[in-house]
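S.K.: Shown below is the structure under consideration.
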């Protein structure tokens, strides 16, 4: 939409928005007539904090955010020694259908705009009174299923007049949409790509992750090698440990065999409890044995620290409870 204004005005407005301006009248270096014109055609604040929970264990904050159209998403802020990491959502719901994930249980509603994704970072920063240092696009939704808006979001948060967060401080997670992984590789970004693998054979992975029926493990890993070759960036493989499903010593050895020779890190995640499934977390001793096997095979393997356990900080759980309440 053209407003007939000089191009430099766009830069001024962009800077004001990402400095946290909540009203066009705050933009004091543009004329009153332009501010009135903007207020007539646009709005600056379209996401509000509906609920906020703060962990008594580790200060993790979980936000239920209400969008302009009445839909809800979740955002999580985690405090570490190195700064604040924000986990943002990329869609309202998810169409991927992963069996262990609460985000997909209510189905897919719509994708978020680039501004809606970026606004989550700004909201957290303002609420906590601190600058956000790291972003993970790992909340509700499949980021590569919202590919164009994901790229726009990365430009917004990395822009010097925007949030100015460098790409090496951003992680993007995917369940394995192979063509989009290859497309992302060709962008040659410096983000960290996180792959949700979660199984070492096609039958098990297809049972818990329907995307594998379209792009199997061999195709996925081939795309990952292409990504590494194009970007020279290490991939993080996420592996959710489910008792009796994918957590045996042989599973660990098979995982090491699959990833042999790849520039990667392996992140082990004991499965979160989701009411609609009967999946059980692997016990701590079994998790450590799994990790040790991978370490002995030469891999950097860690167990994800569980953040905000007392506030259900895993993605999708808070939104699901809200949907259930409204249905009642």
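S.K.: Please specify each residue of segment 238-257 satisfying the condition of being within 22 Å of residue 306 (Cα to Cα), out of contact with any helix residue (DSSP H, G or I) (no Cβ under 8 Å at 6 or more places or on another chain) and outside any loop (DSSP other than H, G, I, E, B).
M.R.: Correct list: 238, 240.
S.K.: Restricting to segment 129-148, name every residue that is part of a helix (DSSP H, G or I) and either in contact with a strand residue (DSSP E or B) (Cβ under 6 Å, 6 or more places away or on another chain) or surrounded by 24 or more Cβ atoms within 10 Å (Cβ to Cβ) (or both).
M.R.: Matches in segment 129-148: 143, 144, 146.
S.K.: Go through segment 99-114 and count every residue that is more than 15 Å from the chain's Cα centre (by Cα) and either assigned to a helix (DSSP H, G or I) or modelled with pLDDT of 90 or more (or both).
M.R.: Total satisfying the criteria: 3.
S.K.: Okay, next question. Name the single residue, out of those in segment 225-257 being closer than 18 Å to residue 201 by Cα and in contact (Cβ under 8 Å) with a residue 60 or more places away in the chain, that is surrounded by the most Cβ atoms within 10 Å (Cβ to Cβ).
M.R.: Step by step, filter segment 225-257, then rank; the result is 240.
S.K.: Restricting attention to segment 162-219, report how many residues are part of a helix (DSSP H, G or I) and either in contact (Cβ under 8 Å) with a residue 24 or more places away in the chain or out of contact with any helix residue (DSSP H, G or I) (no Cβ under 7 Å at 6 or more places or on another chain) (or both).
M.R.: Final tally of qualifying residues: 23.
S.K.: Shifting gears a bit: On the given criteria, is residue 89 touching a residue at least 24 places away in the same chain (Cβ under 8 Å) and surrounded by fewer than 24 Cβ atoms within 10 Å (Cβ to Cβ)?
M.R.: Spelling it out, it is not the case that residue 89 is touching a residue at least 24 places away in the same chain (Cβ under 8 Å) and surrounded by fewer than 24 Cβ atoms within 10 Å (Cβ to Cβ).
S.K.: With the checklist (1) closer than 21 Å to residue 111 by Cβ; (2) touching a helix residue (DSSP H, G or I) at 6+ places or on another chain (Cβ under 9 Å) in hand, flag the one item residue 70 doesn't pass.
M.R.: If we test residue 70 against (1) closer than 21 Å to residue 111 by Cβ; (2) touching a helix residue (DSSP H, G or I) at 6+ places or on another chain (Cβ under 9 Å), just (2) comes out false.
The values are calculated or read from the model by the stated rules, or taken from the named source; none is laboratory data. These figures come from a predicted structure and were not determined experimentally. Glycine gets a Cβ as well: all are built from the backbone with ideal geometry, and neighbour counts include every protein chain shown.
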